[in-house]
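Structure, as structure tokens:
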Amino acid sequence: MPTVDLTAGPAGELNFADPVFQTNPWPLYDWHREHQPVSYVPALESYFVVGYDLVRRVVTSPDFTVYHPFRTSRRAFGPSMLDQEGSAHTRARAATAGVLRPRKVAAFARDIIAPLAAATLDDLLADARPDLADRLATALPMRVVCRFMGLPDGDAEWLHEAMRPLVEYVDHAPVPLAAVVQRRRELAAYFRSRIAAGTDDGGILAVLAADEVLTEADVVNNAILLLAAGTETTAAAISNLFARLAADPALYAGVAADPALIPAVVAETLRHEPPLHVTLRFAAADVELAGVPIPRATPVQVCLAAANRDPGIYPDPHRFDHTRRDRPSLAFGAGRHVCLGMGLAQAELEVVLEALVERVAEVHPLGPVPPVRGRGFRAASGLRLDCRPRSRR
């Protein structure tokens, strides 16, 4: 099998543990897109795929599957729609899809997310602490997901802490499996108790529990997945959005002057600095991709971030440009496993930015804007801001 040869390329490896890869993977992605768009990476024990067309093919083709009996996510969340195919996947997805239709998402954004974002920002601005972006990214997504799932607001802090080992384990961090198993047991017990309470509040947990086909284990596993999926990437995306605005005062001024730009700025942030760089697939059979044979059941790391900066799709791809009219990015994937909550995540980011420009006249970084960094999940953590409130009349 072809292996990676970086002797003619940039320093660093396609390796989640490599500091260069964690901090600035873009030269690596560019080199591989040109020289080895499909390559076997021994450090990851998997193939790595870059390039828009190849990435899109993998995530939409039946030649590749999300299923593997020993997949890491199964140890963290249990079998869920994330790593199921066929009827098991469609049943769970169908049970949640109705709650995430565009009209319902729009209503949820207006009636739930907007008041939560306003209250959270008001509290943080009143404290006048420079770590507003990190605190908002930690607090708001879990509060939103609690409302979405029908969970008590008071449980948000415990749920955030309980999820950390599971999320970090899935993100290739050196987390002991025993800690993951213990926390998963606690979360499963929590959700079983909520199901037993039998609340009919329209939250997604009640919707799943009312489905006549899903077992209690199905409901619990997918609830844990939704809790993680609805918080981790959104939190990272909030951090990345604030970092972009801090690095470009003219952009913030433009959005403040014309809030109609907000959806385009959010979409371009997700393309330019997606919160999730890779997603996992497995070869469903012996298959050839870009002339490279991939044996059945072999893991394939699909690089959504590299696809989003493919110069064949996005001219001058490393430049942030919210006026682009190119193809939609692959920040949320594509195909039958496209992120089910993509509309909700975009709505939350848009609402956050709307709430910010209503309250803050200018945003200035205190010191250098931190890089977006991480393994699979990527965030500009540690941003320090001077937020100058608008005068209230």
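Odds and ends about this structure:
- For Arg147, the criteria (1) open to solvent by 70 Å² or more (accessible area, probe 1.4 Å); (2) under 30 Å from Ser391 (Cα atoms); (3) assigned to a helix (DSSP H, G or I); (4) charged (D, E, K, R) hold in every case but one, which is (2).
- Residue match in the stretch 315-327 (condition: in contact with a Phe, Trp or Tyr (Cβ under 6 Å, 6 or more places away or on another chain), open to solvent by 10 Å² or more (accessible area, probe 1.4 Å) and under 30 Å from His68 (Cβ atoms)): no
- All positions within the stretch 254-291 that are open to solvent by less than 20 Å² (accessible area, probe 1.4 Å) and in contact with a His (Cβ under 7 Å, 6 or more places away or on another chain): Val265, Glu268, Phe282
- The set of residues from the stretch 269-310 being β-branched (Val, Ile, Thr) and either over 18 Å from Ala43 (Cα atoms) or assigned to a strand (DSSP E or B) (or both) comprises Thr269, Val278, Thr279, Val287, Val292, Ile294, Val300, Val302.
- The condition of being in contact with a helix residue (DSSP H, G or I) (Cβ under 9 Å, 6 or more places away or on another chain), farther than 28 Å from Val181 by Cα and surrounded by 20 or more Cβ atoms within 10 Å (Cβ to Cβ) holds for only one of Ala118, Ala137, Ala109, that being Ala109.
- A search for C-beta distances below 7 Å between a residue of the stretch 277-295 that is farther than 26 Å from Pro25 by Cα and any residue that is hydroxyl-bearing (Ser, Thr, Tyr), counting only pairs 6+ apart in sequence or on different chains, returns Ala284/Thr65.
- From the list Thr60, Thr90, the lone residue that is under 30 Å from Val181 (Cα atoms), open to solvent by 30 Å² or more (accessible area, probe 1.4 Å) and out of contact with any Phe, Trp or Tyr (no Cβ under 8 Å at 6 or more places or on another chain) is Thr90.
- Hits in the stretch 75-87 (condition: open to solvent by less than 50 Å² (accessible area, probe 1.4 Å) and in a helix (DSSP H, G or I)): Ala76, Phe77, Met81, Asp83, Gly86
- Within the stretch 9-46, the residues that satisfy the criterion of being farther than 18 Å from Ala283 by Cβ, acidic (Asp, Glu) and either assigned to a loop (DSSP other than H, G, I, E, B) or open to solvent by less than 30 Å² (accessible area, probe 1.4 Å) (or both) are Glu13, Asp18.
- Residue pairs meeting the criteria (Cβ under 6 Å; at least 6 apart or on separate chains; first closer than 21 Å to Thr96 by Cα, in the stretch 146-157; second part of a loop (DSSP other than H, G, I, E, B) and open to solvent by less than 10 Å² (accessible area, probe 1.4 Å)): Met149/Gly203; Gly150/Gly203
- Residues of the stretch 356-374 satisfying the condition of being open to solvent by 40 Å² or more (accessible area, probe 1.4 Å), in a loop (DSSP other than H, G, I, E, B) and in contact with a helix residue (DSSP H, G or I) (Cβ under 6 Å, 6 or more places away or on another chain): Val369, Pro371
- Scanning the stretch 375-393 for residues that are in a loop (DSSP other than H, G, I, E, B), over 27 Å from the mean Cα position of the chain (by Cα) and either within 29 Å of Val20 (Cβ to Cβ) or basic (Lys, Arg) (or both) yields Arg390, Arg392, Arg393.
- Of residues in the stretch 170-216 being small (Gly, Ala, Ser) and open to solvent by 60 Å² or more (accessible area, probe 1.4 Å), the one nearest to the chain's Cα centre (by Cα): Ala178
- Verdict on Gly333 being over 20 Å from Thr138 (Cα atoms), of a type outside the set (A, V, I, L, M), open to solvent by less than 30 Å² (accessible area, probe 1.4 Å) and touching a residue at least 40 places away in the same chain (Cβ under 8 Å): yes
- Checking each residue in the stretch 336-355 for being under 17 Å from Leu124 (Cα atoms) and open to solvent by 30 Å² or more (accessible area, probe 1.4 Å) picks out only Glu354.
- Residue within the stretch 222-235 that is outside any helix (DSSP H, G or I) and under 24 Å from the mean Cα position of the chain (by Cα) present: yes
- Residue in the stretch 94-106 that is open to solvent by less than 30 Å² (accessible area, probe 1.4 Å), charged (D, E, K, R) and free of Cβ contacts under 8 Å to residues at least 40 places away in the same chain present: no
The values are calculated or read from the model by the stated rules, or taken from the named source; none is laboratory data. Note that the coordinates shown come from a computational prediction; the quantities given were computed from them, not determined experimentally. Here Cβ is always computed from backbone atoms with ideal geometry, including for glycine, and neighbour counts include all displayed protein chains. SASA here: full protein model, heavy atoms, side chains in, ligands and nucleic acids out. Shrake-Rupley method; radii C 1.70, N 1.55, O 1.52, S 1.80 Å.
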